[in-house]
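Visitor: Mind looking over this structure? Questions follow.
Taken together, the values in this text are just the output of simple stated rules run on the coordinates, not laboratory data. Nothing here was measured: the structure is a model prediction, and the numbers come from that model. Cβ placement follows ideal geometry from the backbone for every residue including glycine, while neighbour counts extend to all protein chains displayed.
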Amino acid sequence: MKKVSQAGDNGERDTMRPEYDFSRAVRGRTAARYAEGTNVVVVGRDVLDVFPDGIAVNEALRALAPVIRRERSAQKKASRVVVRK
């Protein structure tokens, strides 16, 4: 026998808690920032002392990026080398 959903006709249910107050919210306030491209990364608890905020993470990544780019470039060059007999 098929179960009858108590959520209503469309299968969705209201999960909004009464303590959530969006009465002063502005629709689309952060939409432009997300449209630019945003990546969300979860930082492990074991490195939170080193990377307490997004600024610290970005500084570290900017310092590391040239090394990674150089390594990738070297790998591409090495894969292009053809050994002839």
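Visitor: Using a cut-off of 14 Å between beta-carbons, work out the net charge of the residues near Val47 (Lys and Arg +1, Asp and Glu -1, Val47 not included).
Guide: Overall, the nearby charge balance is -3.
Visitor: Within 10 Å, count the other beta carbons around each residue, average over each peptide in 56-66, 41-51, and list them highest first.
Guide: Details: 56-66: 11.2, 41-51: 9.5.
So the peptides 56-66, 41-51, ranked by packing, come out 56-66, 41-51.
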